[in-house]
Amino acid sequence: MLDRLLHLVTGSPAFQFLRSVAPFDALPDNELAAIADQLGIEYHARGAALFTQGQSQVKDLYVVMKGSLEVVDEQSGATPYRGTLGVGQTFGGSCLLLNGGVALLSAKAAQDVFLYTLAGRAFLDLCSRRREIHDFFADSLGAGMLERVGIALRQRWLVPRADPSSVAFNRRVGEVCARACPRCSPADSLRDAAQRMQRERCRTLLVTDEAGLPMGMLGERDLMEKVVAGGLDPLSSVAGVMTPVTAVLGEQAPIAEAMDLMLRSGARALPVVDGRGQAAGLLEDEHLLTAPGGSPMEFLRELSATRLRKDLLEKRWGVVRLVRSLMLEGVRVDALGWLVSAVSDAVVRRLLDLALEELGPPPCPFAFLSLGSEGRREQTLVSDQDSAIVFADGAPAGAQAYFLSLGERVCAWLRQGGVAYCQGDVMASNPRWTQPLSAWKKDFAHWVHVPESQAALHSGIFFDFREVYGEAALATQLREHVAGLLAPRPGLFFRVIAQEAISRGLPSGNAALELKQPLAAICDLARLFALWEGVRETNTLERLRELLAAPEPGRKTCEDLRQAHSFLLQVRLARQVAGATVNGAEGAAGRGEINPLERRFLDETLGLIRRVQGQAQRLFVRGE
């Protein structure tokens, strides 16, 4: 008998918690409040066994409120798969819906854990009334099925080995940062701020205005250098000494994005904001370096500090080991994609530093752009180069020649490190793609206003651009220009790129699976609908997330596309990590390599893509 501590949960805390937990975030407030009023709480001490796979009866749906659960698939092979369910994740839904209430996985408390519980009868009643809730737990493209597929992939393609990295890399910034970060006002005196630091035993104060918006940070070093060593009056205001905010992180930002931003800015701490832009906490580098799974940050820092080009290119391939260990720990594939891209960004930035040391200072401001999969932060371990350079208008004579030399060096060095040239020569070494801002604006205007087959090709590469080095303002100006071109929703342009997305071939029958085909199809469709709705994100999963509230292609379809994209990327990364490549190129995955569970997921994925292609044809080609 489980050791339980039960009581009813009422009021707003449970309601607010469920509002951020899928799939309950899809419910209207009145229905969500009714569900929140039915919740109970269970507490289990660390190490307590909750359920045994295939034996225990699961009577409730469980949502992790605090702490974590360890789940084990005892039937997954000689070495059982172990995963972790963290805050906001659920256990028991699929058991109740699909397995007669019998546990599909074993579960125990990995830490002292508090669980919200919803009675099985209430859960099943909710599923009967709300198809989106039912499908989340029971649909073959749901998150639960994706996890089971991930288990199978890891067991077949990867040989487990001990590694200190953990699913902490799965988490979002809001789960890692210091929520109870001491704050002060910019009008406070330095003496008051120093006394607050002493009382709170902290090294950094977050400076916020009256509305709670972050304005800066005040650290021990600021006080030491400017007050103690610099002789500044302790009664001076914090505003004159603080480090102004130049970048912030959203609560939902991936850990990899936080690592990337810290490396780029050189900051040791960054404010974390909520959806309204108000300060929600402070993320310090020690949160990333000392928490389990901190090794990715150490690896990125090591790359950024490497002096010799040869060493840098050799160290780059350490990402394979890192991705492998994180996959074995159950890290989500979207987080892995961010990590691979962050490693690629770090290498490119360091190579640009080395190239600039050889060439001397640039003649004008510029930005180095990543395009295609790297621009979307979806680069895998086997990818080619897609890059460009935009430089400021009014540059002196010889500027293009300078930037071409810069692009040629970086592209050639990447090639030496095993990153293949783009077959279409879409690289910063090509004068066609190294040009001033005004020329780029003319190109995008031509692609939008005079669309042809090339416009569709370029939409799949250039419309996914992302600045990785240099003046971010240039990329921002170009992005604003593109948004202005697309705001009127030019019908011919959308018809042309829709036709490209619709005509992309997909494997069928027992044919070998070229994983890039369905992945590219999902990217094409997400881009099409995102450009139509004015979504600025380039990452496919983020585009689909922002499209959840749009009328087309529909919330359920977007959720399914997200799961399908993650499934395909999981398979692709697992095969790459396992070495299923030939001379740097991926081989096709034969149907015999895919087990029945994965085959069902694959068939559903291909069917989903075809349905959305049909939807795009009706909307953008036929105009229905």
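Here are a few things to note about the model shown:
- Where a residue in segment 56-73 is at pLDDT below 90 and its partner, wherever it lies, is of a type in the set (Val, Ile, Thr) and open to solvent by less than 20 Å² (accessible area, probe 1.4 Å), with Cβ under 7 Å and at least six apart: Asp73/Ile151
- Residues that are open to solvent by less than 20 Å² (accessible area, probe 1.4 Å) and modelled with pLDDT of 80 or more within segment 593-612 comprise Thr605, Leu606, Leu608, Ile609, Val612, listed in sequence order.
- Filtering segment 366-394 to residues that are more than 14 Å from Pro431 (Cβ to Cβ) and hydrophobic (A, V, I, L, M, F, W, C) leaves Phe366, Ala367, Phe368, Leu369, Leu371, Leu381, Val382, Ala392.
- Output for segment 28-59, where each listed residue is of a type in the set (D, E, K, R) and over 30 Å from Ala549 (Cα atoms): Glu42, Arg46, Lys59
- Residue selected from segment 174-185 under the condition out of contact with any Cys (no Cβ under 9 Å at 6 or more places or on another chain) and part of a loop (DSSP other than H, G, I, E, B), by the criterion least open to solvent (accessible area, probe 1.4 Å): Cys177
- Meets criteria (at pLDDT 95 or above, of a type outside the set (A, V, I, L, M, F, W, C) and either open to solvent by 20 Å² or more (accessible area, probe 1.4 Å) or more than 30 Å from His565 (Cα to Cα) (or both)) for Ser387: no
- Residues located in segment 385-395, provided they are farther than 20 Å from Glu358 by Cβ and part of a strand (DSSP E or B): Ala388, Val390
- Taking segment 54-66 as the range and being surrounded by fewer than 19 Cβ atoms within 10 Å (Cβ to Cβ) and farther than 15 Å from Ala14 by Cβ as the test, the residues that pass are Gly54, Gln55, Ser56, Gln57, Lys59.
- Residue match in segment 304-321 (condition: at pLDDT 80 or above and closer than 30 Å to Cys202 by Cα): yes
- Residue among Arg301, Arg332 that alone is of a type outside the set (A, V, I, L, M, F, W, C) and within 21 Å of Val382 (Cα to Cα): Arg332
Table: residues versus (1) of a type in the set (Lys, Arg); (2) touching a Cys at 6+ places or on another chain (Cβ under 7 Å); (3) part of a strand (DSSP E or B); (4) open to solvent by less than 20 Å² (accessible area, probe 1.4 Å).
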| site | (1), (2), (3), (4) |
| --- | --- |
| Thr246 | no, no, no, no |
| Ala258 | no, no, no, yes |
| Leu261 | no, no, no, no |
| Arg264 | yes, no, no, no |
| Leu270 | no, no, yes, yes |
| Ala280 | no, no, yes, yes |
| Leu283 | no, yes, yes, yes |
| Glu286 | no, no, no, no |
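- For segment 522-571, residues that are among the charged types (D, E, K, R) and touching a residue at least 24 places away in the same chain (Cβ under 8 Å) total 8.
- Contacts under 6 angstrom Cβ, first residue in segment 130-144 being within 11 Å of Pro23 (Cβ to Cβ) and open to solvent by less than 30 Å² (accessible area, probe 1.4 Å), partner at pLDDT 75 or above and of a type in the set (S, T, N, Q), 6 or more apart: Phe137/Ser94
Conditions (1) surrounded by fewer than 17 Cβ atoms within 10 Å (Cβ to Cβ); (2) in contact with a helix residue (DSSP H, G or I) (Cβ under 9 Å, 6 or more places away or on another chain); (3) assigned to a loop (DSSP other than H, G, I, E, B); (4) without any contact (Cβ under 8 Å) to a residue 24 or more places away in the chain, marked per residue:
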residue: Ala187; (1), (2), (3), (4): yes, yes, yes, no
residue: Asp192; (1), (2), (3), (4): yes, yes, no, yes
residue: Gln198; (1), (2), (3), (4): yes, no, no, yes
residue: Cys202; (1), (2), (3), (4): no, yes, yes, yes
residue: Met217; (1), (2), (3), (4): no, no, no, no
residue: Arg221; (1), (2), (3), (4): yes, no, no, yes
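- For segment 369-384, a residue qualifies if it is in a loop (DSSP other than H, G, I, E, B) and either under 16 Å from Arg527 (Cβ atoms) or open to solvent by 10 Å² or more (accessible area, probe 1.4 Å) (or both), and the qualifying residues are Leu371, Arg376, Arg377, Glu378, Gln379, Leu381, Val382, Ser383.
- The residues of segment 297-338 that are outside any helix (DSSP H, G or I) and either closer than 23 Å to Gly266 by Cα or not basic (Lys, Arg) (or both), listed by number, are Thr306, Arg307, Leu308, Trp317, Glu329, Gly330, Val331.
- Filtered residues of segment 32-53 (kept if surrounded by fewer than 14 Cβ atoms within 10 Å (Cβ to Cβ), touching a residue at least 60 places away in the same chain (Cβ under 8 Å) and charged (D, E, K, R)): Arg46
- Residues (within 24 Å of Cys411 (Cα to Cα) and free of Cβ contacts under 8 Å to residues at least 24 places away in the same chain) located in segment 315-356: Lys315, Gly318, Asp353
- Meets criteria (of a type in the set (A, V, I, L, M), farther than 23 Å from Glu537 by Cα and at pLDDT 95 or above) for Ala367: no
- Residue list for segment 547-568, filter: part of a helix (DSSP H, G or I) and open to solvent by 10 Å² or more (accessible area, probe 1.4 Å): Leu548, Ala549, Arg555, Lys556, Thr557, Glu559, Asp560, Arg562, Gln563, Ser566
The values are calculated or read from the model by the stated rules, or taken from the named source; none is laboratory data. On a predicted model such as this, the values are computed, not experimentally measured, just so you know. With ideal geometry, Cβ positions are generated from the backbone for all residues, glycine too; neighbour counts draw on all protein chains shown. Please note that ligands, DNA and RNA were not included when accessible areas were found on the heavy atoms of the full protein model with its side chains. Shrake-Rupley method; radii C 1.70, N 1.55, O 1.52, S 1.80 Å.
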